[in-house]
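A quick write-up on the structure given underneath.
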Amino acid sequence: RAVGVAEFTMPTVAHRLGVSHSTLYRYFADRDDLATAVINQIVAEAHWPAPAGDWRQSVTDYADALWTAFDHNPGLAKAAWQASTVPDTLVPVLETLGAHVIAHGYTPYDALLLLDFVSDLALSTFILMNHLDQPARQTPGSPSVRETFQHTLTRIPVLGPAMPAEIWHGRGWFDEKLAIFLDGFAHRQHHDPPR
């Protein structure tokens, strides 16, 4: 974790531990296996609020917990994006939250769609917000991606002035986007699931 959840190599981890990198292969089949173990450890240590009361608040609490886990563990979001499976330690969290949503009248299909969308939204928004700090070009002294986007949007007269300054930092429009989705999702309860 100290080396970087997304960027580590087996040799850099072995060097930090003071062992040969071949030693790591006695415990982990490959880099992906080690990455999965680290992600599982982080997820197990994270605080996941128990669902209670309103489904919408419980899902919002889950989204906040995801964001916090990404924020407190540099590289976790990128590693999760590259992972090939849901972390084992997240399965009971999703099971409990999914059952809570179903208990409020939604189908298992809808609960799965809801949790998948919210997880994807947190993951992609976190990665994109961090990307804004990167230089837009390889040239030394080039503006950040944020500055480039801000400049581009000023060229769209109808939309540019509507862009609030706070969306360029922190969580961006994550909370607004989540609220819009949850508003729409609330109407699914009254419709038949797709066949």
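Assorted remarks:
- Helix-derived mean residue ellipticity, 222 nm - over the chain, DSSP H n ≥ 4, -39500 (n - 2.57), to 500: -18000 deg cm²/dmol
- Overall, the accessible surface of the chain at a probe of 1.4 angstrom is composed of carbon and sulfur to the extent of 58 percent.
- Per-peptide packing, taken as the mean over residues of other Cβ atoms within 10 Å, places 147-156, 134-143 in the sequence 147-156, 134-143 from highest down.
- Counting Lys and Arg as +1 and Asp and Glu as -1 over every other residue whose Cβ lies under 12 Å from the Cβ of L178, the net charge comes to -3.
- Solvent-accessible surface of the chain, taken per residue with a 1.4 Å probe and all protein chains present: 61 Å².
- Residue-by-residue Karplus 3J(HN,Hα) for the stretch 16-30, coefficients 6.51, -1.76, 1.60, Hz, glycine and proline x: 4, 7, x, 10, 6, 5, 5, 4, 4, 6, 6, 10, 10, 5, 6
- Neighbour net charge for P51 - beta-carbon separation under 14 angstrom, K R +1, D E -1: -3
- When the stretch 111-195 is reduced to its Cα atoms, the Kirkwood hydrodynamic radius in Å: 15.3
- HN-Hα J in Hz across the stretch 171-177 - Karplus 6.51, -1.76, 1.60, θ = phi - 60°, x for Gly and Pro: 8, x, 9, 3, 5, 5, 5
- Legend: translational diffusion of the stretch 93-145 by Stokes-Einstein, Rh = Kirkwood radius over C-alpha pairs, 20 °C, 1.002 mPa s; D = 159 µm²/s.
- Residue among D71, D183, D120 with the largest mean-square fluctuation in a Gaussian network model of the chain, springs linking Cα atoms under 10 Å: D183
- Using every pair of distinct Cα positions in the stretch 1-140, the Kirkwood expression returns a hydrodynamic radius of 16.7 angstrom.
- Between the amide H of S144 and those of A136, distances stay under 5 Å, these residues lying 5 or more places away or on another chain, with hydrogens modeled in the peptide plane.
- Projected label distance in nm at I180 and S20, using a 7 Å step from Cα toward the beta-carbon: 5.6
- Net +/- balance of residues flanking A122 in space, Cβ distance below 15 Å, scoring K and R +1, D and E -1: -4
The values are calculated or read from the model by the stated rules, or taken from the named source; none is laboratory data. Being a predicted model, the structure only gives us computed values, none of them experimental. With ideal geometry, Cβ positions are generated from the backbone for all residues, glycine too; neighbour counts draw on all protein chains shown. Side chains included, ligands, DNA and RNA excluded: accessible areas come from the protein's heavy atoms. Shrake-Rupley method; radii C 1.70, N 1.55, O 1.52, S 1.80 Å.
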